[in-house]
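All remarks here apply to the structure that follows.
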Amino acid sequence: MKSSKTLLESSEVYLIAGQLDLSKFSHNEALHHALDKINYKELDEVFICSWEAVKGAASLYWKLRTIGVNWRILPINIKLPARQAEIATIIGVPTIRFAQSAIVGIDFFSKRVFDILVSSLLLAIIGLPLLVIALLIKLDSPGAILYRQTRVGLKGNHFKICKFRTMVENASELQQKLEAQNEIQGGILFKIKDDPRITRIGKYLRRYSLDELPQLFNVLRGEMSLVGPRPLPVRDVAKFSQDHFFRQEVLPGITGLWQVSGRSDTGSEGVFDLDFEYIENWSLGLDFKILLQTVQVVFQAKGAY
C-alpha cells in the first residue's frame with residue numbers, strides 16, 4: 001500500500017484522501033462495515049492496488065458500482081512499455097494488448113523523414129569542418145581518409161559503414177592479436193583503452209565522436225538512422241545468442257541509448273538491454289531527446305575510447 005501511495009502522489013495529479021488495506025478483512029460483513037464509514041462524496045476515484053488479494057471481490061465490485069464513484073485496478077507491480085495499448089477481456093481475464101514493437105509502417109516512414117531532414121541540415125552546417133578533419137587525417141598518418149567496414153544492419157543485411165579513419169591501416173589484422181585484452185564485459189563487443197592501433201588525431205576524433213560524422217551519408221542512403229542500436233561488425237554478430245537478434249528488426253543508428261548511458265563503459269548485456277528498451281519505447285520524441293543528450297555526452301567525452 002505504501003508503494004501505491006507513493007506512486008500516485010508522485011504523479012502530482014492525485015490527492016490521497018485515505019487508505020484501506022482490504023486484505024485485513026477476513027469476511028464480507030467487516031469489509032462492508034468499513035466501506036460504509038467512507039465519505040464517498042469527498043472522492044473522485046477509488047484505486048484498488050491488488051485486486052487478487054481482496055477477499056469477497058464480487059461483493060466489493062457491486063458495492064463500488066452502486067455508490068456512484070469511479071474506480072480503477074492499479075497493477076503497481078507490472079512495468080509496461082510506454083506504447084499505445086488496448087485493454088480487453090478474454091474468457092473473463094483482463095489482458096493488455098500491445099501492437100508489434102518493431103518500427104514499421106507509419107512509424108518507419110515518420111522516422112525516415114525525420115532522419116533525412118535532420119541529417120541533410122547537419123551536413124549543410126558541418127561541411128567545412130568535415131573537410132578540415134579530412135585534411136588532418138591525411139597529414140597525420142598514411143592511409144585512406146575514410147574507413148569502411150562491413151556492418152550488419154536491418155534484417156541482417158550487410159552494408160559498408162563510413163567513418164573517419166582513426167586507426168593505422170592494418171588495424172583489422174592487429175585486432176586478432178589483441179582479442180585477449182578486450183575490456184568489454186560479455187566478450188561480444190570489442191574495445192580496449194589505450195588501443196595501440198589508434199592514431200594521434202584518431203584519439204581526439206574518438207573522444208568527441210567526430211569519427212562518426214560520415215555516417216550521415218549512411219543515413220541518407222537509408223542504411224542507418226540517426227538514432228537506433230549501433231550496427232555491429234560481422235565479428236560481433238557471429239557471437240550473438242538467439243536472444244540478441246531482436247536489435248536487427250530496426251534500422252541501426254549513429255547514436256542511441258547506449259551512447260547516452262555510458263558508451264564504452266557499458267557491458268555487452270547492458271547494451272542489449274538498452275537496445276531493447278529503446279525499441280519497446282520508441283517515439284520521435286525519444287529520438288529527439290537522445291540526440292540532445294548525445295550532444296551533451298560528446299562534449300563531456302565521457303566513456304569514449
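Quick note: the coordinates plus some simple rules give every number you see, no bench work behind them. All values derive from a computational prediction rather than experimental measurement. Using ideal geometry, Cβ is built from the backbone for each residue, glycine included, and neighbour counts are taken over all protein chains shown.
Taking amide H as placed 1.01 Å from N in the peptide plane, the amide H of G153 sits under 5 Å from that of H158, F159, each at least 5 places away or on another chain. Distance between the modelled labels on R112 and K203, one decimal in nanometres: 4.3 nm (7 Å Cα→Cβ projection). Modelled label positions at E280 and L64, each set 7 Å beyond Cα in the direction of Cβ, lie 2.6 nm from each other.
In terms of the mean number of neighbouring beta-carbon atoms within 10 Å, the peptides 216-227, 102-113 order highest first as 216-227, 102-113.
Could you calculate the FRET efficiency of T89 with E249 from 1/(1 + (r/R0)^6), where r is the beta carbon distance between them and R0 is 45 Å, rounded to 0.05? The value I calculate is 0.90.
What shape does the stretch 115-171 take by its C-alpha gyration tensor, where a ≥ b ≥ c are the square roots of the eigenvalues and a/c under 1.5 counts as rounded, a/b above b/c as prolate, and the rest as oblate? Note, shape of the stretch 115-171 comes out oblate.
In this rough spin-label picture, where each label sits 7 Å from Cα along the Cβ direction, the T150-K193 distance is 3.4 nm. Residues whose amide H falls under 5 Å from that of C49, counting only those 5 or more places apart or on a different chain, are L74, with hydrogens built in the peptide plane.
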